[in-house]
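Everything on this sheet refers to the single structure shown next.
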Amino acid sequence: MDARHRGVQIFGWLSVIAGYGLALLLIRGIFIGTMRGFAGRPQALWILVGYLLFLALAVYLFKVGRRAISIAKGSPRPRARFGWGRMLLGALLIFGAANNQFHFFPTKHFVKPLEYGNQTQAAAGNATTIAICIGCVFLILSGIWKGFRRPTIRLGLDS
């Protein structure tokens, strides 16, 4: 096994370990959340959405790692039909921007809410947030579009 395949294999194992680690953190968060009784809070829906996004990230990292390990061994798995990484990244960034704007989760002492000094900063911050969210929507749509377009047949002709 040459250095390139060994690097891909190491990347795959690190990705699998990161996916498992995130899944364990998610299980811990769910356990602590149910012990503290978050079900009666008004933020329960947003906490559930955050957990689902966290779970999707863990599963995505695990799948990417398994695919990289199989590529390093010489038996590649088929590619994903949709652009799951694009869709997940877009959803995570939109969720983070919405959480930053609307403060879904109660913040403790270690997290300071976003505050602007004047109207110009507030307008620039809101415009930036809107631009990022529009870009994330296009990112999600491009991931969906990847699944519905026909695969191109490459003949090996470079023109």
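Tabulated data for the structure shown
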read-out	value
Gyration tensor (Cα) of segment 1-78, equivalent ellipsoid semi-axes in angstrom	35, 11, 7
Using a Förster distance of 25 Å, the FRET efficiency for Asn100-Lys146 (Cβ separation, nearest 0.05)	0.30
Cβ-defined net charge surrounding Gly143, 12 Å radius [Lys, Arg +1; Asp, Glu -1]	+4
Cα gyration tensor shape for segment 80-151, rounded if a/c is under 1.5, else prolate or oblate	oblate
Förster-model FRET efficiency, 41 Å R0, Ala80 and Thr120, C-beta, rounded to 0.05	0.40
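Read-outs throughout are calculated quantities, based only on the coordinates presented, and are distinct from any laboratory measurement. Predicted, not measured: the structure shown is a model, and the values here were computed from it. In this analysis, Cβ positions are derived from the backbone assuming ideal geometry, glycine residues included, and neighbour counts consider all displayed protein chains.
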